[in-house]
Amino acid sequence: MTIDWPAFTPGSALIGGLLIGFAAAFLVLSIGRIAGISGILGNLLPGAPAGRPGSGGERGWRLAFVLGLLAAPGLAAVSAVPMPPVETLVDWPWLVAAGLLVGLGTRIGSGCTSGHGVCGIARGSLRGLIATLTFMAFGIATVFVLEHLLRVPA
Amino acid sequence: MKAIAAFLCGLTLGVGLIVSQMTNPAKVIGFLDITGRWDPSLGVVMGSALLVAAAGFAWVERRGRPMLSGDLALPPRWPVDGRLLGGAALFGVGWGIGGFCPGPALVATAGLSIDAAIFTAAMLFGMAVANRLVEGASAARRAFSREPSDSAQ
């Protein structure tokens, strides 16, 4: 393992991470909900399970949360925060496959990086911890295969 | 009131993803590429997020209820089952291919990235399909099980 020092951005990672943690803490302290993006988004989509805790009354805050996320680049644009580039390493058919897998996997596995990785681990959930270790391990293995065994062209 | 709090949380989380550059898939792939040139930034993001989030969860659990609404709706911490592991594995493979997870994909789409929009469209479709699969499976389990407690949580 060699650390890519020029790419490593500990300062902005620290500040951004604190903001993400603050958002998760603020949501649960204010309205008692987990800031898990796949859960919030997936439960707004067709076919979402009915009968979850007050699913009727849950739509409003979920929609507002997603709108907040979508407004973030606009806020960044009018403030001093530059939007970083979005550099993908694969062609669009791979992005479609990746999107399908992420959509299916996060709903089947009941969470993503925010719900399991941040909120789950932060509240000592074994499900959150094991899910995070699992998707990290599969992510690492996938990048190893694509970047070092197959070398998918950009 | 609840909607305003949720909007501000989404906004703060989105700005956090932008500041930490997690909306750039190349940064995420750089973290997952531990055998190549490794970029530890995502680890720092998660670590610092966890510190603050853990304090928030400890506070609200001691308090017993949140400040703006009556109920605290937290998912079960246990058990680890095949559905959790299988879903996380599928997610990990997709994350490794594209370098996007759901939050950064939404934020980068709102930042007018075509690649992020393509990924997000496929992700939303995948989520809707999974909604039906999971509901179908639990309905079938309910039908074949004498114990209605199976899907109670």
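The values are calculated or read from the model by the stated rules, or taken from the named source; none is laboratory data. Everything quoted here is computed from the prediction, not taken from an experiment. FYI the Cβ positions are ideal-geometry reconstructions off the backbone, even for glycines, and counts take in every protein chain you see. What goes into the accessible areas is simple: the full protein's heavy atoms, side chains included, and nothing from ligands, DNA or RNA. Shrake-Rupley method; radii C 1.70, N 1.55, O 1.52, S 1.80 Å.
In a residue-by-residue description of the stretch A:25-35, the property of being touching a Gly at 6+ places or on another chain (Cβ under 8 Å), within 20 Å of B:G98 (Cβ to Cβ) and of a type outside the set (K, R) applies to no position.
For the stretch A:89-106, residues that are farther than 13 Å from B:A117 by Cα and open to solvent by less than 30 Å² (accessible area, probe 1.4 Å) total 5. Return yes when A:G51 is more than 7 Å from chain B (Cβ to nearest Cβ), open to solvent by 40 Å² or more (accessible area, probe 1.4 Å), at pLDDT below 95 and not in a loop (DSSP other than H, G, I, E, B) and no when it is not. No.
When the stretch B:99-114 is limited to residues that are within 17 Å of A:A97 (Cβ to Cβ) and touching a residue at least 60 places away in the same chain (Cβ under 8 Å), the one that is surrounded by the fewest Cβ atoms within 10 Å (Cβ to Cβ) turns out to be B:C101. When we screen A:S125, A:S79 for residues that are farther than 17 Å from B:C101 by Cα, in the same structural domain as A:I20 (by TED's automatic domain parsing) and among the polar types (S, T, N, Q), the only hit is A:S79. Residues of the stretch B:27-58 that are within 26 Å of A:V78 (Cβ to Cβ) and open to solvent by 30 Å² or more (accessible area, probe 1.4 Å): B:V52 alone. Every condition in (1) at pLDDT 95 or above; (2) in contact with an Asp or Glu (Cβ under 7 Å, 6 or more places away or on another chain); (3) not aromatic (F, W, Y) holds for A:E147 except the one numbered (1). Of the helices (runs of 4 or more DSSP H) that lie entirely inside the stretch B:26-115, those containing 3 or more residues that are of a type outside the set (G, A, S) and within 14 Å of A:G139 (Cβ to Cβ) span B:82-98. Residues in the stretch B:1-26 that are more than 18 Å from the chain's Cα centre (by Cα) and open to solvent by 10 Å² or more (accessible area, probe 1.4 Å): B:M1, B:K2, B:A3, B:I4, B:V19, B:A26. Is it the case, given these coordinates, that B:A128 is under 27 Å from A:R151 (Cβ atoms) and not hydroxyl-bearing (S, T, Y)? Judged against the criteria, B:A128 is not a match. Can you say whether A:T9 is buried (at least 17 other Cβ atoms within 10 Å of the Cβ), under 20 Å from the mean Cα position of the chain (by Cα) and farther than 26 Å from B:E61 by Cα, as far as the supplied structure shows? Yes: the conditions hold for A:T9.
For A:S38, the criteria (1) in contact (Cβ under 8 Å) with a residue 60 or more places away in the chain; (2) under 30 Å from B:L133 (Cα atoms); (3) in a loop (DSSP other than H, G, I, E, B) hold in every case but one, which is (3).
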